[in-house]
Structure formats: C-alpha cells, structure tokens
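J.: Just dropping this structure here.
No value in this document is a laboratory result; all are computed from the given coordinates. Note that this is a predicted model, so its numbers are computed, not measured. Ideal geometry is used to build each Cβ from the backbone, glycine not excepted, and the neighbour counts take in all protein chains shown.
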C-alpha cells in the first residue's frame, strides 16, 4: 500500500494547512492515547502528571507531532530520512510497535475533530496510508 | 459481562442522542469504502463505486449506511446485554453475509472519525472518546461472537 504521487500531494497540502496548530494537535493526540489506551501510560511511569492537558503531555505531544511533520517533509524518502528516529525507538525507547497504530489512530481522530471541513475521505485515506508507512519505517530497526 | 461506569453510560447515550443515523450512517459507510477500498467486495451489487465522488453520491451506499448505523440503536438501548442482543445479527454476518469480522473494526474507526468531526473537541473529549470506543469494541466483539 505504497504512497502514490496523489497521496503525497494530498498529504503534504493537508499537513501544511494544519501545521500551525501543531501544539494543540499534539496535546490532543497524546492525551487521548493515554486516556483511551491506558496501557500506553506504562511508557511514562517517570512522569509526574499524566492527566490530559498537563505540561508534560503538552510538551511531549508537540515533540511527537513535530516528528510527524518532519516525516511529511521527508515523504519522498522515509526510509533514509527517519533512520535515526527508527534507531531511537528500537534501541533506546523500545516502544512496542503495536503502539504506533494507536498513536496513528488518535492522529486521525484529532485531525478529523479539529479540521472537519478539510478531513475529507480522500484526505483521510492519504493520511492513513502515510502514517502506516511512517510506522513501518519506525519499526525498521527493531530486529 | 461488561462493566460500565455511570460516566461511560452517560457519554454513550449522550452522544447517541445527538447522532442522526440518516446523516452519519451514509458518511461512515462511504468513508469505509473509500479509506479501505477492499471492503467494496461486499457491495458488488451497489453500482458505481469507482471513485470517492461516486461512492459519496451513491444512493445504495447512503441507504445501507442508514441501515447499518441504525443497528447500533439496539446496542445503546441494551448496554448490559449487547452479546445476546446481537446474537442473530452475528449469525447473519457470518453465515449469510460472509463478512470478514476484521472489517467490523474498520467501520468502527470510521464511525469514530465521523463522531469526532461532528462533535469537536469540547464534546468529544478524551473521556468521551474512551467510552465511545469501548462501546464500539463491545459491539464488534458481539458481532464476532457467532462466527465459527
């Protein structure tokens, strides 16, 4: 299910439009990940405050979202472009890759929620395909 | 037996009360067929599904979307017994319709996206999303149950 030229164009245009709201998007994505899928909290046992909207959640949500935006810029060469991120997740963070799907799902939900007029089915499929590719590349170095 | 908190019950019935089956049903089914095109395999008799525009304008898709979405009403009204409520429906999907049950979660996700779009961040809070997704999980499990 690789990205067609149309997918890439659609994805890039949409993310360009939404990137000014990166902070809010990131906060909502991470808050929902922690609330709707409580098992994900196990990766943040060292945080003081895991409640939706806390300072740590806001900061880390933005970090994650900025990673996604970076991947959009590298959309023509995700494998090489995200190599460092893959190594980080594989060797240092060691997040179970099943969680990538969870974050992707919440990214889709939040984008739909904040941009209901723009998140058409065509945009939805392009973004879903893009996030699936990102997840695949992030898992690359795991074993 | 599924345990629902009062907050979860209230979130689910609250959302359902504001959802128009006639509006969201067609949206969710069209989205399923566009975002996950292999699901079109079950709708060969629906005519033109050749493009997103064709799917979104297809009257059979719209009509069937209402049927499917309307089916959730019985689950909302029988939260403490969704499994029994859907036993016949599960058999139907397995024995007559031959739907791969992995597709149920794809439709559930499309419904969630449509709900997020309709309700926005102030109504579709993380806690509401949690309750809604738990509800859809229970529905999906009930629909899978009679497969053998």
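J.: Roughly how far apart, in whole Å, are the Cα centres of segment A:63-137 and segment A:1-42?
T.: Computed from Cα coordinates, the inter-centre distance equals 6 Å.
J.: Just to be sure I understand the model, the point goes 7 Å from the Cα along the line to the Cβ. What's the resulting residue A:4 to residue B:23 distance in nm?
T.: Simple spin-label model gives 3.1 nm for this pair.
J.: Sort A:73, B:3, A:27, B:23 so that the residue with the fewest other Cβ atoms within 10 Å of its own Cβ comes first and the one with the most comes last.
T.: The order, fewest Cβ neighbours first, is B:3, A:73, B:23, A:27.
J.: Could I ask something else about it? Quick check: pseudo-label points 7 Å beyond the Cα along Cα→Cβ at residue B:53 and residue A:51, how many nm apart are they?
T.: Roughly 5.0 nm, to one decimal.
J.: Normalised by the residues of segment B:4-119, what does the relative contact order come to in percent, with Cα pairs under 8 Å and at least six apart? The partial results should precede the final answer.
T.: Working: 84 pairs, mean separation 38.2, N = 116.
Once normalised by length, the contact order is 33 percent.
J.: Something else about it: Please work out the FRET efficiency for the pair residue B:74 and residue A:142, using the Cβ-Cβ distance as r and a Förster radius of 51 Å; give the result to the nearest 0.05. Write down the numbers at each step before the final one.
T.: Values: r = 43 Å, r/R0 = 0.84.
Plugging the Cβ-Cβ distance into 1/(1 + (r/R0)^6) gives 0.75.
J.: Answer rounded, prolate or oblate for chain B, using the Cα gyration tensor with square roots of eigenvalues a ≥ b ≥ c: rounded when a/c is under 1.5, else prolate when a/b is larger than b/c, else oblate.
T.: On the way: a/c = 2.11, a/b = 1.25, b/c = 1.70.
In terms of gyration-tensor shape, oblate.
J.: Assuming R0 = 22 Å, what is the FRET efficiency of residue A:80 and residue A:16, from their Cβ-Cβ distance, to the nearest 0.05?
T.: 0.50
J.: Can you sort A:47, B:38, B:132, B:16 from fewest to most other Cβ atoms within 10 Å of each residue's own Cβ? Mind dumping the intermediate values first?
T.: Details: A:47 14, B:38 10, B:132 24, B:16 17.
Ordered by Cβ neighbours within 10 Å, fewest first: B:38, A:47, B:16, B:132.
J.: Checking the a/c ratio against 1.5 first, then a/b against b/c, what shape does the Cα gyration tensor give for segment A:43-143?
T.: Judged from the Cα gyration tensor, segment A:43-143 comes out oblate (a/c at least 1.5, b/c at or above a/b).
J.: Taking neighbour counts of Cβ atoms within 10 Å as a proxy for exposure, in what order, fewest first, do B:42, B:86 appear?
T.: Working: B:42 16, B:86 25.
Placing the least packed residue first, the sequence is B:42, B:86.
J.: With each run of n ≥ 4 DSSP H residues scored as -39500 (n - 2.57), what mean residue ellipticity at 222 nm is computed for the protein assembly as shown after dividing by its residue count and rounding to the nearest 500 deg cm²/dmol?
T.: About -21000 deg cm²/dmol.
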